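Heads up: the structure comes next, in structure tokens.
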Amino acid sequence: MITYATDETFKELISGEHAMVDFFGVNCGPCKILTKVLEDIEEELPFANIVKVDTDKCPKTSEEFHIVGIPDVYFFKNGSVVFHSTGMLDADEIKEKLAEIMY
């Protein structure tokens with residue numbers, strides 16, 4: 001499931017067993033490509049917790065994670081960061097990381 005976070009909902013959305021977070025910008029070309037990749041993954045893995053954070057609408061959260069380049073992707077397990085990557089990840093890389101944190 002893809003959920004769009006706000007500064008107020010972010011911590012709750014990542015507090016479960018697993019979460020993938022995509023920090024993005026609406027005018028970012030690579031971010032738009034990654035959004036399509038995530039939508040395809042959502043169809044294949046509807047139980048995956050995918051959280052999207054618009055860096056313009058969530059300045060507090062973006063600052064907390066020191067976001068300077070987008071897309072910026074984090075994977076969380078039980079609320080803690082286990083992997084971070086700035087830039088594009090392809091579908092296979094994302095599915096592999098999701099499998100690592102989910103199973």
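Numerical summary
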| quantity | calculated |
| --- | --- |
| Extension reserve of the Met88-Asp56 stretch, reckoned as 0.36 nm per residue once the Cα distance is removed | 9.6 nm |
| HN-Hα J in Hz across the range 6-15 - Karplus 6.51, -1.76, 1.60, θ = phi - 60°, x for Gly and Pro | 10, 4, 6, 9, 4, 4, 5, 5, 9, 7 |
| Which label in (i) 23, 14, 12; (ii) 18, 16, 12; (iii) 42, 11, 9 gives the computed semi-axes √(5λ) of the Cα gyration tensor in Å | (ii) |
| Shape call, the range 55-103: gyration tensor on alpha carbons, a/c limit 1.5 | oblate |
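Read-outs: derived from the displayed coordinates by stated rules, not from any lab. These figures come from a predicted structure and were not determined experimentally.
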